[in-house]
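Taken together, the values in this text are just the output of simple stated rules run on the coordinates, not laboratory data. The structure presented is a predicted model; accordingly, all values stated were derived computationally and were not measured. Reconstructed Cβ throughout: ideal geometry from the backbone, glycine too, with neighbour counts over all protein chains shown.
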């Protein structure tokens, strides 16, 4: 059990899915992004995913690429992500980090886990690191008591689904679509199928990410998943001008969505 | 034979290589690995690839001795392995025909590829035309500007060329964009990767398809009197170099030298000499050396040569460097262009600017070893695509005269 599973279970006990909000640290600048993290928590995110921007984000669509590039131009450092984790923890949500592998490797798998733990973080989502590619990361995370959250996709085979769900703690991150991050008109039946596949492989908690943009979609997904992950729509709401009120309105809409489902 | 370094299977070369990609691509990479493992021992596949090499590419490529150029190389004997004479003008076709045939075996109808200088894009567009596949090429916007002729060639061949305007607008961003396309379209699409880098199986598979260079060259050298003292090739991602080295890996007396692009000089920070100026990291799906800052953000590379302008390098090269089997030398823009000029003026052979980096290495090594040394260098491509850029470098364009 962990802070993450406790929070997901508490949401479930309320008869709803958790709302998981993603923002890259440093967009549009570090100070505004920290304020934005606080807004996510105040407006109803149960879990906040902090993204340290990376120079080569192969799993991200144009909006998050833009935000990452802008943040890097502004001089954001990986250290800033740990500061953001502390902000989220203080504000009362459960912080996790979503990081590309090289940023973790350069800090050192163990140090990355230890720094996250010290900042009050609960786990790490790894978009380009699968459990079989990273036994050293899994060992380091277990040592520190940090959750390892891996992704599954519609293309994931039954064998890999088992491997990935076995190695995931906290929750399993299901991507309902083949493609990069970004809003979609519909996440379709595939989402339900991926969630079912993960549950069949023994996953107790499954959250859905990639493609969710509206409160209505959040409500739909909350009908069968333990959490709804929203990133691009929040980044767009925040925007280059750092509009915290527009962000607050978007999070409020999504928070109502996850509560409207059951 | 135990202890052979040849044809290392991956996924790891020492501690380098592996597969660091989104889960969404894992099934496709497994499928590709499986198809390749079957194809490489299937006489129908290998026979068809050999036929295409012979009848389409024009293999075996010849070896040319270049005495007038060698006169500037300390009197060493210099021989060129002429990959520039291949159909489409570079070594890239060797790999592309193999991967395009595999695409057909996978039952997929669309290929995507990244390209830097445009050579791999042209080769992929060519193979797609030959085999009736839809083809999309990603190319950094900066590269589409400095290699506009190759953009036109690809479009003439029926490929869609998508300029990539993100990041540094070069090869690295083209690879990012190709990966994004692949994640979204993996059911219909095969990614024809152009260099011996990326996630497994690409480094080993691309090396196998390029290995023909050294297999032929080794036999040609033996027929000419003996193995060379050194084999040299340019290294960006490193596909022509690994193909030039592989059959010589177990010949302990043959030095293997990869020439990296040092741009304005490694000490200036404006370079693409990854093994000289980088350190271990993960980029584009594998563990290797990369140019990066303290946090692990990839740093922009710089080279006059679009094909070498890449902040990573194939993992097998990193391994060969780490065990001391191969050496990697930095070669600046200025050194490469001097070698370009020299080969053109002394032998009437216009090399690709990429290949000119290896020629600069030959000049340096020849002067070090002197008469009696025999040096084999892979001329990975021809310089037709570089005429405008070279003319500008040497101030030979009409506007240079007007302003002079």
* Over 18 Å, how big is the tail of the calculated P(r) for region A:1-86, in percent of all Cα pairs? => 47 percent
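Treat the count of other C-beta atoms within 10 Å as a stand-in for reagent exposure and order B:303, B:355 from fewest to most. It would help to have the intermediate numbers written out before the result.
Working: B:303 28, B:355 35.
Going from sparsest to densest Cβ surroundings: B:303, B:355.
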* Structure fact -> chain A, Gaussian network, Cα under 10 Å: of A:154, A:176, A:28, the residue fluctuating most is A:154
* Structure fact -> Expected sort for B:353, A:64 with the fewest Cβ neighbours (10 Å cutoff) up front is A:64, B:353
* To do: Express in nm, to one decimal, how much length is gained between residue B:31 and residue B:294 on full extension, taking 0.36 nm for each residue of separation and deducting their alpha carbon distance.
  => 91.1 nm
* Once you put a point 7 Å from the Cα of residue A:260 and another 7 Å from the Cα of residue A:143, both along the Cβ direction, what distance in nm separates them? -> 4.7 nm
* **Solvent-free Debye scattering, log10 I(q)/I(0), computed from the Cα coordinates of region B:234-317 at q = 0.10, 0.12 Å⁻¹** => -0.24, -0.35
* Report the convex hull volume per residue for region B:1-147, counting only C-alpha atoms, in Å³. => 203 Å³
* Let me know the Rg and Dmax you get for region A:20-138 when you use only its Cα atoms, in Å. => 13.2, 37
* **Cα pair distances of region B:1-84 binned at 10 Å [whole percent]** => 13, 22, 28, 25, 11, 2
* Asked: If you build a Gaussian network model of chain B, linking Cα atoms that sit under 10 Å apart, which residue out of B:43, B:203, B:315 swings the most?
  -> B:43
* To do: Give me B:318, B:33, A:252 ranked fewest to most by other Cβ atoms within 10 Å of their Cβ, as a rough exposure proxy.
  => A:252, B:33, B:318
* Asked: Could you list, bin by bin from short to long, the percent of Cα-Cα pairs of region A:136-261 in 10 Å steps?
  -> 13, 39, 32, 15, 1
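Quick check of the Kirkwood formula: for the protein assembly as shown, what is the inverse mean of 1/r over all pairs of different Cα atoms, in Å?
Kirkwood radius, the protein assembly as shown: 25.8 Å.
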* Listed residues B:381, B:243, B:75, most fluctuating in chain B (Gaussian network, C-alpha, under 10 Å) -> B:75
* Taking all pairs of distinct alpha-carbon atoms in region B:179-247, Kirkwood radius in angstrom -> 13.5 Å
* Taking all pairs of distinct Cα atoms, average 1/r, flip it, and tell me the Kirkwood hydrodynamic radius of chain B in Å to one decimal place. => 20.8 Å
* Working from the alpha-carbon coordinates of region B:13-53, get Rg over Rh, Rh being the Kirkwood radius. => 1.14
* Asked: Considering the Cα trace of region B:302-376, what is its radius of gyration and what is Dmax, both in angstroms?
  -> 13.7, 38
* **residue B:341 paired with residue B:105, simple spin-label distance in nm, labels 7 Å along Cα-to-beta-carbon** => 4.8 nm
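Just the C-alpha atoms of region B:145-280: what Rg/Rh do they give, with Rh taken as the Kirkwood radius?
Details: Rg = 18.0 Å, Rh = 17.5 Å.
Computed over Cα atoms, the ratio is 1.03.
In nm², what is the average projected area of the convex hull enclosing the Cα atoms of region A:91-143?
One quarter of the hull surface, i.e. the mean projection, equals 3.6 nm².
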* **Counting DSSP beta bridges with both ends in chain B, the antiparallel % (nearest 5)** => 30 percent
* Base-10 log of normalised Debye intensity for region B:247-404 (one unit scatterer per alpha-carbon) at q = 0.10, 0.13 Å⁻¹ -> -0.40, -0.66
* Computed FRET value (nearest 0.05) for residue B:187 with residue A:1, which takes r as the C-beta separation and R₀ as 35 Å -> 0.35
* Asked: Separation between the residue A:132 and residue A:246 pseudo-spin-labels, each 7 Å from Cα along Cα→Cβ, expressed in nm?
  -> 4.3 nm
* For the protein assembly as shown, what proportion of DSSP beta bridges, expressed in % and rounded to the nearest 5, is antiparallel? -> 20 percent
* To do: Return one quarter of the surface area of the convex hull spanned by the alpha-carbon atoms of region A:158-231, equal to its mean projected area, in nm².
  => 4.6 nm²
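Express the Stokes-Einstein translational diffusion coefficient of region B:65-163 in µm² s⁻¹, to the nearest whole number, given a Kirkwood radius over alpha-carbon pairs, 4 °C and a viscosity of 1.567 mPa s. Could you put the intermediate results ahead of the total?
Working: Rh = 14.7 Å.
It diffuses with D of about 88 µm²/s by this estimate.
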* **Overall Cα dimensions of chain A, principal axis frame, Å, largest first** => 44, 40, 31
* Between region B:1-55 and region A:1-63, the alpha-carbon center distance in angstrom -> 40 Å
